[in-house]
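The values are calculated or read from the model by the stated rules, or taken from the named source; none is laboratory data. A quick note: this is a predicted structure, and the numbers were derived from the prediction, not measured. Counting neighbours? That spans all protein chains shown, and the Cβs are built from the backbone with ideal geometry, glycine included. Please note that ligands, DNA and RNA were not included when accessible areas were found on the heavy atoms of the full protein model with its side chains. Shrake-Rupley method; radii C 1.70, N 1.55, O 1.52, S 1.80 Å.
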Amino acid sequence: RLIADLLDLSRLQANQYEMELEPVPLPEIVDSVVAMLRGKAEAAGVRLSWQGEKSLAPIRGNGDRLVQLLLILLDNALKYTPAQGKISVALTQDEQQVVLAVTDTGAGIPAEDLPLIWERFYKVDKAHTRENHGTGLGLSIAREIIDRHNAQVSVTSEPGAGTTFTIRFPALTPKG
């Protein structure tokens, strides 16, 4: 898995392949990925939900990479959200952007770690004692996908209270 993640990240960073972009309805992708992970969330005792308008403007994107992005964010949220916790995905549209927000009630990220979370192999859990730890490449891959979609990302977090990743994609049709 580490090798596959490294190769994927390297290809994204080196622009070795032309990522095909087309109009993508983000609500359909969110609906699909949330449905895919709902069983895993229920097994962990975590409530996973999403809300948003189905009629949002499409974004210019790559469907497979957007699925990958959402899987990375939701998988991380599931790893760090305890039983009885909540993960929510919200989709909204403002004037020129479609806004995707993934919020969890998990462990949170200390303020000093926030600028570092996008780096290869960086893990907030420095002891690596969690049974669900990954390769440390997920958020690096996520950042490359976000960048390749000309989107902006912000992260807010409070240790012990949870984290929100907010991604702003350019909308193909401005909201009127």
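Quickly work out the Asp94-to-Thr173 label distance, labels modelled 7 Å from Cα along the C-beta direction, and quote it in nm with one decimal.
That separation, rounded to one decimal, is 2.1 nm.
How do Lys86, Lys54, Lys123 stack up against each other in accessible area, from largest to smallest, with a 1.4 angstrom probe?
Highest to lowest solvent-accessible surface, that is Lys54, Lys86, Lys123.
If I take the Cα coordinates of the stretch 13-84 and project them onto the principal axes, what are the three extents in Å, biggest first?
Ordered largest first, the stretch 13-84 gives principal extents of 41, 33, 14 Å.
Skipping prolines and chain starts, which residues have an amide H placed within reach, meaning under 5 Å, of the one on Trp50, given they are 5 or more residues away or on another chain?
The answer is Val89.
List, in order, the whole-Hz ³J(HN,Hα) value for each residue of the stretch 155-165 obtained from phi through the Karplus relation with A = 6.51, B = -1.76, C = 1.60 and θ = phi - 60°; use x for Gly and Pro.
With coefficients 6.51, -1.76 and 1.60, one gets 10, 10, 7, 9, x, x, 10, x, 9, 10, 9 Hz.
So, taking all protein chains as they sit and a 1.4 Å probe, how much accessible area belongs to Ser49, in Å² rounded to tens?
Approximately 40 Å² of Ser49 is accessible to the 1.4 Å probe.
Sorting Leu69, Leu21 by accessible area (1.4 Å probe), largest first, what list results?
Output order, biggest surface exposure first: Leu21, Leu69.
Please state the Cα pair-distance histogram of the stretch 24-176 with 10 angstrom bins from zero: what percent is in each bin?
Whole-percent P(r) values from 0 Å outward: 11, 42, 36, 10, 1.
Between Tyr122 and Ser32, what is the FRET efficiency for a Förster distance of 30 Å, r being their Cβ-Cβ separation, to the nearest 0.05?
Efficiency, rounded to the nearest 0.05: 0.55.
Could you state the accessible area per residue of the stretch 28-176 in Å², with a 1.4 Å probe and every protein chain left in place?
For the stretch 28-176, the solvent-accessible area averages 50 Å² per residue.
So if I place +1 on the C-beta of Lys and Arg and -1 on the C-beta of Asp and Glu, and nothing else carries charge, what would the dipole magnitude of the stretch 35-168 be about its Cα centre? I want it in debye, nearest 20.
It works out to roughly 300 debye.
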